[in-house]
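Colleague: Please read through the structure below; I'll follow up with questions.
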Amino acid sequence: MDYLSTLSLYGSGLSSQSHASQAALFSAVLGILFHLTIARRIEMEYYMYQLLALLLFAAITVTSAYLLMGVSVFHTIARICIIAGCFSVGTFASMISYRLFFHRLRKFPGPLDSKVSRFFSALRAAKEVKYYKEIAKLNEQYGDFVRTGPREICIVRASAVQAIYGPTSKCRKSTWYTQSSTDHDRASIHMSRDPEKHKQRRKAWDRGFAVKALRTYEPRIKVLVDQLITQFSKQKGAVDATAWSMYLSFDVMGEVGLGQDFGSVSSGTEHSAIKAIHDHLLILGIGSHMPWLLNLASRIPGATAGYAEFFNYCETQVNAKKRNLDLSKYPQDVLSWLLKAVVEKDISASPTAESLNDDARLLIIAGSETSATTLAQILFYLAKFPAVFKKLQERVDAVMPSPADWTYEKTKSIAYVDNIIDEGLRLKPAILSNLYRVTPPQGIQVDEQHIPGDTNVFVPMQRIQTDPRYWKEAAEFVPERFGERRVEMGTDDSPFMPFSLGVYSCPGKSMAIMTMRIALSRIAQEFDISFAPGETGEKFDKEAGDVVTTSLLPLMLQFTPRK
Ligand code: HEM
């Protein structure tokens, strides 16, 4: 008996227990077919609105049919619930059995719940908000290749780094990047999954961070760092290095990213947008494990109200700058470079107003959080290892005996500054665990293991960068491994990717390093650093959160002017 005749039997008053059972059975079979023929074969993120509309349409049609056939409202609701329930049971039963017993990743070890749904990864990410620790536990239990989602493998092998992220890798950005939009033309470059369009757009960003552009940023970053030094000199007692690193990085991105003075360092207060960013990242850190859900949730009216101020702020900046853009002058900030491409209708231009606004938000988020956590982590190590800090001061003093001698060119020549930055980024990368890619149709080979095509893959960054199989004295802070002990410690053969690699790597890398060089060299010239009384750094070191980027606890340090 087909579906419609089952319905009509109900309507004509001939319904019976057996007819209800047939409808239930039919709905369950339909659910199984829906999974096998549609849901399993498409990337749901791209069709969820259409599917939701289809399900709604089906529910309305069946409801109307029942009512037209004279079935009471009560019985109609009951039957719709049964049909929807059985359809869902069919869909989920098929999905779960397929994922457990027939999926192309079925042979990979991993926790049972993760094989069934990424919902459980979101739960792990929410638990203490330390997904990198959860991943480490899974690696210890299941090995180097762990199935961390129905179609996701986490890999802790050095050779996976090049295979997944390297310049010649065929892996693309995974569905993780559909969390704000599935449409390249409405999303930031970071969320763009179309390799060709991403490549074009990337040119505008790269122009904003080219050597000549960086030269215009350097003196302005120096002014902000000097403001920080002045503030540290004025502080009596302990200083929260986490907060002040954030103020500095945020001001740098305001100045160099948008051409705006955020005034966080000079006022010693948090700009309201900083809080909005933190809330935003916390939600992303957990919700991004189910990108489709995050995408849906963000469309609920009022759901994004908490960071509306930040969104409005960025949009206002974009519009104001666009109105005042003078194309005859050399662009003075990254947003001007992006706008220049738009106004000149360059192929690298952000395609729509929406994507441009998202790019402006990305500028602030990607540039400030990452640089701030890196600087704070390095300050932690310098306080913890006075011998390293002393050596840094000696190297700086040798080239620039007094603050008046400071120049960026001289700072660049001090290799030890860079060694410290690299070692900080190795032990505590700003992005701890989530750099998701999807394998090409033919799959990829990682050592002895073939990873099938269309599989989401990632290498947890902090874990691979501190893996004792690839790094000597892996857990120790040894800046010299990037300097005079490079050969002895085999650094060049070890996996290191704090800014990622290849086509999707960080365009702001040079600027981030420039900021760090200026800040560290100036601090070394002016202060001695130590933990404040009562601060051991233990909690700061061990309890960082993982919310897309690292989220740090306060770190109380003492900056004592040098004699
Ligand atoms: C220490 C500081 C920084 C670190 C460790 C860092 C790290 C990274 C990493 C690992 C990625 C790849 C993300 C992914 O594939 O999902 C990335 C991308 C990106 N970063 Fe950075 N970053 C830093 C600073 C900056 C700065 C200062 C900017 C300036 C605005 C910036 C802008 C971006 C952008 C726009 C992307 C997306 C690139 C693309 O998708 O093509 N980053 N960064």
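The values are calculated or read from the model by the stated rules, or taken from the named source; none is laboratory data. No experiment lies behind these values; they were computed from the predicted model shown. Quick reminder, even Gly has a Cβ in these numbers, built from the backbone with ideal geometry, and neighbours come from all protein chains shown. Surface areas here come from the heavy atoms of the whole protein model, side chains and all, with no ligands, DNA or RNA. Shrake-Rupley method; radii C 1.70, N 1.55, O 1.52, S 1.80 Å.
Colleague: With unit charges on the beta carbon (Lys/Arg positive, Asp/Glu negative), name the residue among A20, Y313, L501 whose Cα is farthest towards the positive pole of the charge dipole of the chain.
Modeller: The listed residue farthest towards the positive side: A20.
Colleague: Give the residue list of chymotrypsin sites (Phe, Trp or Tyr not before Pro) in region 395-501 that are DSSP loop and have at most 10 other beta-carbon atoms within 10 angstrom.
Modeller: Of the chymotrypsin sites (Phe, Trp or Tyr not before Pro), not one in the loops of region 395-501 has a Cβ with at most 10 other Cβ atoms within 10 Å.
Colleague: Right, here's the next one. Taking each pair of distinct Cα atoms in region 361-475 once, what is the resulting Kirkwood hydrodynamic radius in Å?
Modeller: About 17.2 Å for region 361-475.
Colleague: If you don't mind, another one. Just how large is the dipole of the chain about the Cα centre, in debye to the nearest 20, putting +1 at every Lys and Arg Cβ and -1 at every Asp and Glu Cβ?
Modeller: About 740 debye.
Colleague: Right, something else. Relative contact order of region 152-293: what whole-number percent is it, with Cα pairs under 8 angstrom and at least 6 residues apart?
Modeller: Relative contact order here is 22 percent.
Colleague: Kindly flag which residue pairs out of K197/K345; K390/K412; K340/K509; K170/K199 have an alpha-carbon separation exceeding 20 Å in this structure.
Modeller: K340/K509
Colleague: To the nearest 10 degrees, how steeply does helix 415-427 sit against the main Cα axis of the chain, on a 0 to 90 scale?
Modeller: For helix 415-427, the angle is close to 30 degrees.
Colleague: By how many degrees, between 0 and 90 and to the nearest 10, does the Cα long axis of helix 272-287 differ from the longest principal axis of the chain?
Modeller: Approximately 50 degrees, to the nearest ten.
Colleague: Continuing with the same structure: Considering only H289, G208, A430, whose Cα is most displaced toward the positive end of the charge dipole of the chain, charges sitting on Cβ of Lys, Arg (+1) and Asp, Glu (-1)?
Modeller: H289
Colleague: Mind listing the phi-derived Karplus ³J(HN,Hα) values for region 166-180, rounded to whole Hz, using 6.51, -1.76 and 1.60 with θ = phi - 60°, and x for any glycine or proline?
Modeller: Once θ is set to phi - 60°, the couplings for region 166-180 become x, x, 9, 5, 9, 6, 10, 5, 7, 5, 3, 7, 9, 5, 9 Hz.
Colleague: State in Å² the accessible area per residue of the chain; use a 1.4 Å probe, count heavy atoms of protein chains only, and round to the nearest integer.
Modeller: In whole numbers, the chain has 44 Å² accessible per residue.
Colleague: If you don't mind, another one. Note the full-extension length gain between V29 and K329 as 0.36 nm times their separation in residues minus their Cα-Cα distance, in nm to one decimal.
Modeller: Taking 0.36 nm per residue and subtracting the Cα distance, the gain is 101.4 nm.
Colleague: Which value in Å is the Kirkwood Rh of region 472-548 over different Cα pairs?
Modeller: 16.0 Å
Colleague: Only helical DSSP H runs with n ≥ 4 go in: add -39500 (n - 2.57) per run for the chain, normalise by residue count and round the 222 nm mean residue ellipticity to 500 deg cm²/dmol.
Modeller: -17000 deg cm²/dmol
Colleague: While we're looking at this one, here's another question. What does the charge dipole of region 214-296 about its Cα centre add up to, to the nearest 20 debye, if the Cβ of each Lys and Arg holds +1 and the Cβ of each Asp and Glu holds -1?
Modeller: 140 debye
Colleague: Taking only the alpha carbons of the chain, what extent do you get along each of the three principal axes, in Å, biggest first?
Modeller: In descending order, the Cα extents are 97, 55, 46 Å.
Colleague: With a cap of 16 neighbouring Cβ atoms within 10 Å, and only residues DSSP puts in a loop, list the trypsin sites (Lys or Arg not before Pro) found in region 309-351.
Modeller: Passing sites in region 309-351 are K329, K345.
Colleague: Quick one: if you stick a label point 7 Å off each Cα along the C-beta vector at S272 and K137, how many nm between them?
Modeller: 3.9 nm
Colleague: Rounded to the nearest percent, how much of the accessible area of the chain (1.4 Å probe, protein heavy atoms only) is carbon and sulfur?
Modeller: The value for the chain is 61 percent carbon and sulfur by accessible area.
Colleague: Here's another thing I want to ask about it. Mind checking the dipole of region 262-375: about its Cα centre, +1 per Lys or Arg Cβ, -1 per Asp or Glu Cβ, Debye to the nearest 20?
Modeller: The dipole of region 262-375 has a size of about 180 debye.
Colleague: Now for a separate question. Could you state the angle between the C-alpha long axis of helix 48-68 and the longest principal axis of the C-alpha atoms of the chain, as a value from 0 to 90 degrees rounded to the nearest 10?
Modeller: 30 degrees
Colleague: Within region 103-143, report the GluC sites (Glu not before Pro) that DSSP leaves as loop and that have at most 13 other Cβ atoms within 10 Å.
Modeller: E128
Colleague: Please name which of V29, P219, L553 has its Cα lying farthest along the dipole of the chain towards the positive end, using unit charges on Cβ (Lys, Arg +1; Asp, Glu -1) and the Cα centre as origin.
Modeller: V29
Colleague: In percent, how large is the relative contact order of the chain, given Cα pairs closer than 8 Å and 6 or more residues apart?
Modeller: It comes to 19 percent, rounded to a whole number.
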